[in-house]
1. Number of Lys-Lys pairs in the stretch 171-259 under 19 Å by Cα, sequence gap 8 or more or different chains?
2. Extending each Cα 7 Å along its Cβ direction at T224 and E91, get the distance between those two points in nm, one decimal.
3. In the chain, what percentage of the DSSP-assigned beta bridges are antiparallel, given to the nearest 5?
4. Go through (i) 1.22; (ii) 1.18; (iii) 0.98 and flag the label whose value is the computed Cα Rg over 2.2 N^0.38 Å for this structure.
5. Efficiency by 1/(1 + (r/R0)^6): what FRET value for R233 and H66, r their Cβ-Cβ distance, R0 = 30 Å, to the nearest 0.05?
6. Suppose each label sits 7 Å from its Cα in the direction of the beta carbon; what would the Y22-Q143 distance come out to in nanometres?
7. What length, rounded to one decimal in nm, is gained on full extension from K255 through to R78, with 0.36 nm per residue of separation minus their alpha-carbon distance?
8. Report the full-extension gain for the segment E206 to S187: residue separation times 0.36 nm, less the Cα-Cα distance, to one decimal in nm.
Amino acid sequence: MESFYYDILCGKEDEELLATAYKKNIHIHGRHSLCKIKLSFKKNSLCDFKDVLIKVKRLSNWLSIHSNADSYVIAPDREILFILHYSDLSETACNRTLSETCSMIQEELLFLPDIDYVDIYQGEFVQGLFSLPLSLQSADKIQGILSKLNRHNGIYGKGVLGIYYFLDIRDIDTFDQLCRDELFQLSEKLGKHSGELMDTLECYYENNCNLGRTARQMYLHPNTIKYRLHQIREKIGAAPLDDGNEILKYHLLLKRRWLL
């Protein structure tokens, strides 16, 4: 089974793999994601990698029975990859299941006396089993960024990295596509008045988050700006208004939308 998933993650897709998937009743369609688990053992540790792998596989079996996701574990080159398939769940439910699963795995592994830290890198959700290489690529990217930031003992996804995920992109086409995806999601969350809310947020940033100056520039009453900012806070959370990194990210997105 490990070689089956390894072939998929290497980008292999043929009739033999499909036949194996159907024969073993493996989920081909639906939402999938992949997590990379990075372990650090304490100096002079007697703990063996195989012992940790066995524990993760036991957790995987338990989760497949008791959660809303089927899970599989493979470990090429002493690197644990945790694959999840979500059964008919909304995006919100998938995010919650992924978060709970990663928290449980990290907590259980940190109980082992010889483990120094456990990092988990969450790949993006993809549609279909054979799109898993894309999820692995996003997990690899997150790991690469965090190695530069020297952060450890956390659960990291694209959303957690925020602006760093954007700033690490070198290819302009990849950057533009990411901006389009993020702007689409932002528009969906903001609803039917997304245009005026995004314009208001951009103007708010341009005026150093000063409500009065924003109102004057947009020729609106300050209470109107206050109401719109309240709507933004209600729909997408407080981070785009309060967190410096998120403000930089959203300001970048809102500026880039005019050039796409």
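Bear in mind these aren't lab numbers, they're just calculated from the coordinates by the rules spelled out. All of these numbers come straight from a predicted model, not from anything done at the bench. Counting neighbours? That spans all protein chains shown, and the Cβs are built from the backbone with ideal geometry, glycine included.
1. Details: K189/K226; K189/K235; K189/K249; K189/K255; K192/K226; K192/K235; K226/K235; K235/K249.
Qualifying lysine pairs in the stretch 171-259: 8.
2. Label-label distance for T224 and E91, simple model: 3.0 nm.
3. Numbers: 22 of 24 bridges.
Of the beta bridges lying entirely in the chain, close to 90 percent run antiparallel.
4. After the calculation, the listed value that fits is (ii).
5. On the way: r = 35 Å, r/R0 = 1.18.
Here the calculated transfer efficiency is 0.25.
6. In this crude spin-label approximation the distance works out to 3.4 nm.
7. Values: separation 177, 0.36 × 177 = 63.72 nm, distance 4.28 nm.
Contour length minus Cα-Cα distance gives 59.4 nm.
8. Numbers: separation 19, 0.36 × 19 = 6.84 nm, distance 1.99 nm.
Result: 4.8 nm gained on full extension.
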